[in-house]
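A.B. asks: Below is the structure I would like to discuss, written out as C-alpha cells.
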Amino acid sequence: MAVANAGIRKQPGSVLDPLWFKDAIIYELHVKAFADSNNDGIGDFPGLMQRLDYLQDLGVTCIWLLPFFPSPLRDDGYDIADYMSVHPSYGTVEDFRAFLEAAHKRGLQVMIELVINHTSDQHPWFQAARNAAPGSPERDFYVWSDTDHLYSDARIIFTDTEKSNWSWDPVAKAYYWHRFFSHQPDLNFDNPRVLEEVLKVLRFWLDMGVDGLRLDAVPYLVERDGTNCENLDETHVVIKAMRQAIDERYANRMILAEANQVPADVRPYFGDGDECHMAFHFPLMPRIYMALGQEDSTPIIDIMAKTPDIPENCQWGLFLRNHDELTLEMVTGDERDYMYLAYSGDPRMRINVGIRRRLAPLLDNNRRRMELLNSLLFSFPGTPILYYGDEIGMGDNIYLGDRNGVRTPMQWSGDRNAGFSRCNPAKLYSPVIMDPLWGYQSINVEAQMGDPSSLLNWMRNMIALRKLFQVFGRGTLRFLSPSNRKILAYIREYKDELVLCVANLSRDWQPVQLDLSDLVGMMPVEMIGYVPFPVITEESYPLTVGPYGFIWLELQPPPVAA
Ligand code: GLC
Ligand code: CA
C-alpha cells in the first residue's frame, strides 16, 4: 500500500523520535581543533573519527561541527567558498561521509553549519557577480548599491574591524552589502534563485544523512531601507520556505537558529512550529554570569519571565560558552558595564561587544563555580550545548587575535602538542596552551580520565544523570521565591517526573526556607547520591546549601499506606 510520506528520507537505520533534539546533549567542536590524524598540524575527519569513543563515553548525543567547507579561512570558515565540499585540510567528502556513518552507528547525531547570510568574496558566485553587468542574474546574487547610504539604520556587528556595512568593489564599480567582515558579502534573498541554490546545498547535506543544521546569522537575510534590517518578515518567509523544503522530503531533522536577539524577537523564529525547531537562548547566557557575579538570582528570574512560551515541537538551545566572544549585545548598558568589569579585567579579553574567554578562566578556575553553572545549564528548560574543552576546564590564550584564543587545540594528554598532533609544534594551526596553570601538562583528557574526582568525570556523571530523566529537556519551569535571593530555586515537571533544583549563587553557605505547601507529602530524594530527604509538610522547607552548591531533588509521591 502506498503511504503518503513514502518519499520521506530518514537517516539510515534511524529509530529516532522526531523530537530527539529535545533530549539531546550537544557538543560543539571544530574539526581542525580536535584531533590531527596525519600530523600536518590541523585536525581532520579521520582524527575526529578516532575520538568518537571519547564523545560517546562523555555521553553527549549530538556533535555540532563548526564550518569545515573550502574557505580562505579569514573568519574560521564562516567565509565559505564552496558549500558542497570539504576543506582539503580536514579531509574529503568521503571522509565526512565515513565520519557521519560512524557517528550514526554509535547513536550520535550530527549537526553542521548552514551559513547562508553571506559567502566568502572568493565564492564563485561573488566572483561571477562582480564581473557581470549590473542588473544581470549573476550580479543579482548579492546586494549592491551605487551609494553607501542605503540601509543606514543597520548596526555594525564587528565593531572592532568594520566601519561600514558597505564596501566598494573596484571590479563591479559598486558598493556591496556585508553585515560581517568586508570579505563576506551578503547574499541577496530578494532573488529567488539564491534560495533555490541554498536549497540545493541543504539537500546535498541532508541527503547524506546530516541530522541538524545551524542557521548562522539568520536575522540578517533580508534588508529593507528604513528598518534595522534584522528579523524582517521577509526573512521569516525565507526560513519558512526552507523548513517546508525540509519537511517535504526528510524526517527527524532539526534546524537551529543563531538569532542573537531579545527574547521577543527570537520567538518568531519558531513560527507556529513551522519555522526553526530550535533557537539559541542568547539573552539567558550573560544573565547567568551576572547572577553568579552579583550573588543574586534576580537576573535569571527576570530573563526567564521575559522568555515567551514556544510551540510544543520547539526547543531552546542553552549554552555557557561557544566559539565566539561571550556576547553582550543583548544586555543593557549597565549590565554590559558590570560584565566587562567583573569578567574582563584585561582589555585584551574584550572583542567587539563581548568577552573572548573560555568558561574555566571566566570562573577563575573555581571548580565549584564550574559545577554550579553546568548544573544550571543541565537543569534549565532547553537542550544544553557544551563547547569542546570546557568539559576538562581548558583555558584560553588572550594574546591570539580575533576569537582564536578560545579555539586552541583540544588537550588530550601531556604528550607533545597536547596529544593533538605529532607534528613539529611550529606547524600547528594554533599554539597549544602552555602556561603552568592552564597548560596541557596540567589540564588534559588523559589525566582527568584517570582521576575519579576530575571535572571530566563529574561532567560525565551529570550528563548520565540528566539523560535518565526527560523532565530537564521537556518539562515546565516554575521559580520559587525564597526571601534569600542568593538562592535560586525552581521546579521542573514533566508527566510524572517532578524535580526541585536549588542553587546557591554565593561564595558562602546559605540557609533557605522554601514554600512547598502545594507539594505536601512528597518525598525529596537527592538525585546524585539517591539520598532521601525529609518529607515535605505544610511548614516551610529548610535547606542549607554550601558555597556555589546545588541540589537536585526528585520529588517522589508518598508511599501508599499498606
Ligand atoms: C556567526 C558565527 C561567527 C561568525 C559570524 C559571521 O555569528 O558564530 O563565528 O564570525 O557568524 O559568519
Ligand atoms: Ca591533519
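The values are calculated or read from the model by the stated rules, or taken from the named source; none is laboratory data. As the structure is a computational prediction, the values presented were derived from the model and not from experiment. Cβ coordinates were reconstructed from backbone atoms using ideal geometry, including for glycine residues, and neighbour counts include every protein chain displayed. Side chains are part of the model used for accessible areas, which takes the heavy atoms of the whole protein and leaves out ligands, DNA and RNA. Shrake-Rupley method; radii C 1.70, N 1.55, O 1.52, S 1.80 Å.
A.B. asks: With the checklist (1) within 16 Å of ligand 2 (Cβ to nearest atom); (2) assigned to a loop (DSSP other than H, G, I, E, B) in hand, flag the one item Ala33 doesn't pass.
C.D. replies: Single failed check for Ala33: (2).
A.B. asks: Taking strands (runs of 3 or more DSSP E) that fall entirely within the range 455-525, which contain at least 1 residues that are under 28 Å from Cys62 (Cβ atoms) and in contact with a Phe, Trp or Tyr (Cβ under 8 Å, 6 or more places away or on another chain)?
C.D. replies: Qualifying strands (runs of 3 or more DSSP E): 476-479, 487-494, 497-504.
A.B. asks: For the condition open to solvent by less than 60 Å² (accessible area, probe 1.4 Å), modelled with pLDDT of 95 or more, not assigned by TED's automatic domain parsing to the domain that holds Asp296 and not polar (S, T, N, Q), what is the one hit in Pro482, Pro431?
C.D. replies: Pro482
A.B. asks: Let me spell it out: the conditions are (1) surrounded by fewer than 16 Cβ atoms within 10 Å (Cβ to Cβ); (2) closer than 18 Å to Glu230 by Cβ, and His118 meets all of them except one. Which number is the exception?
C.D. replies: (1)
A.B. asks: How many residues does the range 8-39 hold that are within 16 Å of Gly419 (Cβ to Cβ) and either more than 16 Å from ligand 1 (Cβ to nearest atom) or more than 17 Å from the chain's Cα centre (by Cα) (or both)? Lay out the reasoning, then the answer.
C.D. replies: Going residue by residue through the range 8-39, those that are within 16 Å of Gly419 (Cβ to Cβ) are 29, 32-39.
From what's left, either more than 16 Å from ligand 1 (Cβ to nearest atom) or more than 17 Å from the chain's Cα centre (by Cα) (or both): 32, 34-39.
Residues in the range 8-39 being within 16 Å of Gly419 (Cβ to Cβ) and either more than 16 Å from ligand 1 (Cβ to nearest atom) or more than 17 Å from the chain's Cα centre (by Cα) (or both): 7 in total.
A.B. asks: Give me the residue from the range 56-107 that is in a helix (DSSP H, G or I) and among the charged types (D, E, K, R) and, out of that set, nearest to ligand 2 (Cβ to nearest atom).
C.D. replies: In this case the residue turns out to be Asp95.
Each row is one residue, and each column tells you yes or no for (1) in contact (Cβ under 8 Å) with a residue 40 or more places away in the chain; (2) outside any helix (DSSP H, G or I); (3) more than 28 Å from the chain's Cα centre (by Cα).
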{"site": "Ile116", "(1), (2), (3)": "yes, yes, no"}
{"site": "Gln122", "(1), (2), (3)": "yes, yes, no"}
{"site": "Trp168", "(1), (2), (3)": "no, yes, yes"}
{"site": "Val171", "(1), (2), (3)": "yes, yes, yes"}
{"site": "Val194", "(1), (2), (3)": "yes, no, no"}
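A.B. asks: Do you know which of the residues in the range 434-454 that are touching a helix residue (DSSP H, G or I) at 6+ places or on another chain (Cβ under 8 Å) and either without any contact (Cβ under 8 Å) to a residue 12 or more places away in the chain or part of a helix (DSSP H, G or I) (or both) is surrounded by the most Cβ atoms within 10 Å (Cβ to Cβ)?
C.D. replies: Per the stated criteria, the residue is Val445.
A.B. asks: Continuing with the same structure: Return the total of residues in the range 505-544 being basic (Lys, Arg) and in contact with a Lys or Arg (Cβ under 6 Å, 6 or more places away or on another chain). Give the steps one after another, and end with the answer.
C.D. replies: So the first thing to find is which residues in the range 505-544 are basic (Lys, Arg), and the list is 507.
From what is left, the residues that are in contact with a Lys or Arg (Cβ under 6 Å, 6 or more places away or on another chain) are none.
Result for the range 505-544: 0.
A.B. asks: Take Met370 and decide whether it is over 26 Å from Leu213 (Cβ atoms), surrounded by 18 or more Cβ atoms within 10 Å (Cβ to Cβ) and touching a Leu at 6+ places or on another chain (Cβ under 9 Å). Give the steps one after another, and end with the answer.
C.D. replies: On the way: over 26 Å from Leu213 (Cβ atoms): yes; surrounded by 18 or more Cβ atoms within 10 Å (Cβ to Cβ): yes; touching a Leu at 6+ places or on another chain (Cβ under 9 Å): yes.
The answer is yes for Met370.
A.B. asks: Please work out which residue is nearest to the chain's Cα centre (by Cα), limiting yourself to the range 382-406 and to residues that are assigned to a helix (DSSP H, G or I) and under 16 Å from Ser344 (Cβ atoms).
C.D. replies: Val406
A.B. asks: Can you confirm whether the range 305-314 contains a residue that is in contact with a Cys (Cβ under 9 Å, 6 or more places away or on another chain) and open to solvent by less than 20 Å² (accessible area, probe 1.4 Å)?
C.D. replies: Within the range 305-314, one or more residues are in contact with a Cys (Cβ under 9 Å, 6 or more places away or on another chain) and open to solvent by less than 20 Å² (accessible area, probe 1.4 Å).
A.B. asks: Moving on. I'm told Val171 meets every condition in (1) within 15 Å of ligand 1 (Cβ to nearest atom); (2) of a type in the set (Val, Ile, Thr); (3) over 30 Å from Ala24 (Cα atoms) except one. Can you identify the failing condition by its number?
C.D. replies: (1)
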